[in-house]
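Undergrad: Dropping a structure here in structure tokens format, bear with me for questions.
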Amino acid sequence: MMEKIDKRDRAPVFRTRLAEAMASRKVSQAELARQTGVDRSTISALLQPGTRLPNAQLAADCARALGISADWLLGLSGRPEPIADLLAASLSLTEAPRALIDERIFGWHQEAAGYKIRHVPATLPDMLKTRAMVEWEYTPQLGRTAEQAIGAFEDRLKWMRGAGSDYEIALPLHELTAFATASGYYEGLSAEIRLAQLDHLKRLCAQLYPSLRLCLFDARKLFSAPITVFGPLLAVVYLGRHYLAFRDSARVETITQHFDLLVREAEIGARDIVDHLQGLIERVR
């Protein structure tokens, strides 16, 4: 949090920061005077010890001309970037193509290597799908490039599993039920693919625990949009056609707390997921 500055101390702060900004941007007194529409003597006076704070309009004009935050110039903020630049850096909206782990997602995984990654997927988590499941789900969209895309996907999965990150995944309870019964999104999916996928999930959850933890929450009690939290660095909300990515620590922490609540309130915890999957396997058979 920015330490509060006494009003009497803001004039020297303004003077110091104005000189610093002018020097870093190589803007002369004459140039700043021209851009703000005042005499050069006015700018010169602002830089002299003992000068009082300028009026709000001149302070804002100086900030605009130098590409900095007026709040920072006046000692009200600890960051010199304009608020629009800070927002752009902390929040981004990018396209989310209908594809397996795309370049943007893979880049985020690389950036967060070694950190815990928390994930609420839109369907079954891509990184835990069998090849047959991937082909059923993505071939209609990928068309003739499906084989190449699936090959690249498998290569990236190998990298992700060796990156040193723990993965904690929370799924709605009804998602696996719908999968096992081939209902809703999974209508038409053969029993053979479903059995192989459930067995694959069961083996991974048993073999990789505790570095891989899968739990199931009741969506009637708690709801979650598809999200991924990449350690303390980044939180991403999946909107369907776009990713909404947050980098500011407060929002990353808020989304992390939301995920942690899903885990605490889970109907089926990570220790019990193998038995639950076995029950679904017997149901499909």
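So that you can scan it fast, the table gives a plain yes or no per residue for (1) surrounded by fewer than 16 Cβ atoms within 10 Å (Cβ to Cβ); (2) assigned by TED's automatic domain parsing to the domain that holds Leu76; (3) in contact with a Cys (Cβ under 8 Å, 6 or more places away or on another chain); (4) in a helix (DSSP H, G or I):
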residue: Leu18; (1), (2), (3), (4): no, yes, yes, yes
residue: Ser41; (1), (2), (3), (4): yes, yes, no, yes
residue: Leu53; (1), (2), (3), (4): no, yes, no, no
residue: Ala59; (1), (2), (3), (4): no, yes, no, yes
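Undergrad: Let me ask you something else. Can you name every residue in segment 205-234 that is crowded, with 16+ Cβ neighbours inside 10 Å, in contact (Cβ under 8 Å) with a residue 60 or more places away in the chain and over 21 Å from the mean Cα position of the chain (by Cα)?
TA: Answer for segment 205-234, where residues must be crowded, with 16+ Cβ neighbours inside 10 Å, in contact (Cβ under 8 Å) with a residue 60 or more places away in the chain and over 21 Å from the mean Cα position of the chain (by Cα): Cys205, Leu216.
Undergrad: Checking the condition within 25 Å of Thr256 (Cα to Cα), in the same structural domain as Val134 (by TED's automatic domain parsing) and outside any helix (DSSP H, G or I), which residue from Glu168, Glu175 passes?
TA: The conditions single out Glu168.
Undergrad: Considering only residues that are of a type in the set (S, T, N, Q) and touching a His at 6+ places or on another chain (Cβ under 8 Å), which ones fall in segment 195-231? Quick ask: steps written out before the conclusion?
TA: As a first pass, look at segment 195-231 and keep what is of a type in the set (S, T, N, Q): 197, 207, 211, 224, 228.
Hits for segment 195-231 are Ser224, Thr228.
Undergrad: Considering only segment 86-108, I want to know if a residue exists there that is within 14 Å of the chain's Cα centre (by Cα), on the phi < 0 side of the Ramachandran plot, at pLDDT 85 or above and surrounded by 15 or more Cβ atoms within 10 Å (Cβ to Cβ).
TA: For segment 86-108, residues within 14 Å of the chain's Cα centre (by Cα), on the phi < 0 side of the Ramachandran plot, at pLDDT 85 or above and surrounded by 15 or more Cβ atoms within 10 Å (Cβ to Cβ): present.
Undergrad: Which of the numbered conditions does Glu192 fail, given that it passes all the others? Conditions: (1) surrounded by 15 or more Cβ atoms within 10 Å (Cβ to Cβ); (2) part of a helix (DSSP H, G or I).
TA: Only one criterion is unmet by Glu192, namely (1).
Undergrad: Is it the case that Thr181 is touching a residue at least 40 places away in the same chain (Cβ under 8 Å) and not aromatic (Phe, Trp, Tyr)?
TA: Yes.
Undergrad: Could you check, for segment 237-257, whether at least one of its residues is touching a helix residue (DSSP H, G or I) at 6+ places or on another chain (Cβ under 8 Å) and over 25 Å from Ile105 (Cα atoms)?
TA: no
The values are calculated or read from the model by the stated rules, or taken from the named source; none is laboratory data. Keep in mind it's a predicted model, so treat the numbers as computed, not measured. With ideal geometry, Cβ positions are generated from the backbone for all residues, glycine too; neighbour counts draw on all protein chains shown.
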